[in-house]
Number of protein chains: 2
Amino acid sequence: MTAAANHHGRRTTTRTRRLERAGIRDVAAAAGVSITTVSDALNGKGRLPDETRTKVREVAERLGYRPSAAARTLRTGRSGLIGLTVTTYGQEPFTFTEFAYFAEMARAATSAALNRGYALVVLPASSRHDVWSNVALDGTVVIDPSDHDPMVADLYRQGLPVVSDGKPGNCPVTAWVDNDHHAAVLGILDHLAQAGARRIGLLTGTSTDTYTRLSTEAYLGWCRSVGQEPLYEAYPAHDPCAGAVAADRLLARPDRPDAVYGLFDPNGTDLLAAARRYHLRVPDDLLLVCCSESDVYAATEPPITTLSLKPRRIGTTVVNLLIDAIEGQSSANQSSDDESPAEENVSGQLMPTELIVRRSSQRRSPRTTVSAPRPPGET
Amino acid sequence: MTAAANHHGRRTTTRTRRLERAGIRDVAAAAGVSITTVSDALNGKGRLPDETRTKVREVAERLGYRPSAAARTLRTGRSGLIGLTVTTYGQEPFTFTEFAYFAEMARAATSAALNRGYALVVLPASSRHDVWSNVALDGTVVIDPSDHDPMVADLYRQGLPVVSDGKPGNCPVTAWVDNDHHAAVLGILDHLAQAGARRIGLLTGTSTDTYTRLSTEAYLGWCRSVGQEPLYEAYPAHDPCAGAVAADRLLARPDRPDAVYGLFDPNGTDLLAAARRYHLRVPDDLLLVCCSESDVYAATEPPITTLSLKPRRIGTTVVNLLIDAIEGQSSANQSSDDESPAEENVSGQLMPTELIVRRSSQRRSPRTTVSAPRPPGET
DNA sequence: GGATGACGGAGATACGTTTCTCCATGAGCA
DNA sequence: TGCTCATGGAGAAACGTATCTCCGTCATCC
């Protein structure tokens, strides 16, 4: 049997196998046109009279034709898939601390991707080639990449657009989005001071990610500017037990603070428990704010003021930036010719946060209010 | 230029383009072996001496070779991708009501998939060909499919394994997993009765999904068996406002219940608010239980007893069943020869729930306890 | 009346793998 | 010497699509 005969006879010889999905060839044969015509008709390309188009579409529909995503991806170089990379601790993707934030952010990202015809795949930053190589991505969102992150560098080297949630320390990304952590912390400290706080303490982390670093620096700078001695405890944020211990230590100090801001989600609960142990009334003896996306703090006694990082908005923005980069890439490749995209060119975007004021940070008026929205954009 | 010359010269002519990823051909050329040998060496197949293998691996590493997922998928028919289909309401995937459940379930599913070398893609049940056709799936998890779900039927017709979370009403699936809703509801009703409830009410939904239906039937059956007149309000579960209204209506009835079980996550908060309006003390005048995965109910006043569906376990199980089906499929195809898999063959699995007992359902002992731990094994 | 161009569509190639088939070589053995 | 086998590896055919190139056919225009 010659190669040609084999090729043309393939369908008939294998059609006996059940569940054989119809291919573009079958549609072409059934419609009495060429493969080219079918492809053009279904994709709205080429120059075809409308009657041909509708006829081909009819036949395709009748045969239940579904184009092979794999073949299309191979041919076009586009998969319509974007990755969402998370750091893992142990078996689970993303940490306990980040759970509420991540869940909201991932949901918004998924939604934003779908709105633009992309699908989102959650991938762990750790397991390298196992899964990563097996999925064709058009680009990746990276959450909180570490300094000189090897994985991000690797992705970038492959020419994949990478957008990071969290200002990247020292790794090349196409774009990034972050909250204005500096402004957020200053806002909280001012808010506490206005409520009567004299000695504001901080519960912070020992890790070197941007969020922890920027927030802590903002706190220290504020202390310098108002002449307060810094009062803080740092602990490994991924360990929930360490958080409870650190909260206790902070309130056990001889120079006990009269207000505390906790950088991580569980801090509110931990601080509340510690305050009870030391018979401190909130907010009378101790003002409390923590950074959290959880609605638990609306139901605690008293309800705790929280800083929301607005993960929905971050997720949406990050995905849209990524898709912009993916879709702008083809045209950019043709026009621009410089070898290395200038590092200063990387577009970063700062998103506002929202302070949800509840009883725990209000000594004067016990009413629950919400802070006025900031003008978006600057600082 | 002949075709052969063109083919062999391709790399050299196009190498001038930047960011050209190395292909298997380049590795073969650099290592001085054939493409076959490279493929075999990297995939651990064929019969090759170890020195050849390591040499090829070295060269591949040096060139930064990453196999094309698209090409591999096209060739092997396996993408390593599984879908997670959710029903959508409006723009967002999954409803407000299901949020905590879904977040946990999705996380566990993602984790379970990654553990077995698969990645998980969240896809909306609605937008049909837009995205669905563009991603090559090895199988799909469907959450709570409706009766005669056309999408599930379509997937199944294409020969894709489908596993559903929630016993499927009347659509063909490969397997399914569900909680034992009947037993769960009976357990709760007994628990409330033991705590002194005489007239137990139910807050239920108007939709026809399995969860709502089975739970309501269990309630009605229990009422019949103990001779209590049913007291329930049904509302469209996807509308949070309707839930608050229904909770109010239930407590406003002349034959007001002295205990209520709410089938949906926000019911606890809504019932608590309604109870306050009618000056009912919980648990003294009204016992409360609701089905929820949210930890909000540990912090309410009083803390509310909840039924957890253990979404983590469900997500893990569902994914593992799906992957079993995917990987068992190839061998099954060769041996079995029957045209239609018998419907009775579909393997279903019932998972236990967990009642987290808190103050809202305990009239006698005010201590907060947790139900006795089950025999260990899974989360 | 022949060059021109729009129209409608077919052929063939390439995307980058995996894998089936088959070949060369040399050792072992009668 | 001639035969079989195991070893190591090469060739080439798919997988199913998109798209580049090109070809015939009319109608039109100078």
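Below is a table of values for the structure above.
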| quantity | calculated |
| --- | --- |
| Scope the range B:19-43; condition open to solvent by 50 Å² or more (accessible area, probe 1.4 Å) and either near DNA strand D (Cβ under 8 Å from one of its atoms) or not in a helix (DSSP H, G or I) (or both); matching residues | B:L19, B:E20, B:R21, B:G32, B:S34, B:I35, B:T36 |
| Filter result for B:R78 (open to solvent by 10 Å² or more (accessible area, probe 1.4 Å), modelled with pLDDT of 90 or more and more than 22 Å from B:R312 (Cβ to Cβ)) | yes |
| Residue match in the range B:258-272 (condition: open to solvent by 20 Å² or more (accessible area, probe 1.4 Å), of a type in the set (A, V, I, L, M) and either at negative phi or in contact (Cβ under 8 Å) with a residue 40 or more places away in the chain (or both)) | no |
| Options B:V142, B:V177, B:V185, B:V163: the member that is at pLDDT below 95 and among the hydrophobic types (A, V, I, L, M, F, W, C) | B:V142 |
| The range A:68-87 - residue that is under 11 Å from A:I326 (Cα atoms) and more than 7 Å from every other protein chain (Cβ to nearest Cβ) and, of those, nearest to DNA strand D (Cβ to nearest atom) | A:R78 |
| Residue in the range B:87-104 that is of a type in the set (V, I, T), at pLDDT 85 or above, more than 16 Å from DNA strand C (Cβ to nearest atom) and on the phi < 0 side of the Ramachandran plot present | no |
| From A:A252, A:A242, A:A183, residue being touching a residue at least 12 places away in the same chain (Cβ under 8 Å), farther than 21 Å from A:I314 by Cβ, open to solvent by less than 60 Å² (accessible area, probe 1.4 Å) and of a type in the set (A, V, I, L, M) | A:A252 |
| Residues of the range A:136-172 classified as within 12 Å of chain B (Cβ to nearest Cβ) and polar (S, T, N, Q), total | 1 |
| Some residue of the range A:46-61 being more than 16 Å from DNA strand C (Cβ to nearest atom), at pLDDT 90 or above, open to solvent by 40 Å² or more (accessible area, probe 1.4 Å) and more than 9 Å from chain B (Cβ to nearest Cβ) | yes |
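The values are calculated or read from the model by the stated rules, or taken from the named source; none is laboratory data. For clarity, every value in this text was computed on a predicted model and none was experimentally measured. Cβ coordinates were reconstructed from backbone atoms using ideal geometry, including for glycine residues, and neighbour counts include every protein chain displayed. These area figures cover heavy atoms from the full protein model, side chains too; ligands, DNA and RNA do not enter into them. Shrake-Rupley method; radii C 1.70, N 1.55, O 1.52, S 1.80 Å.
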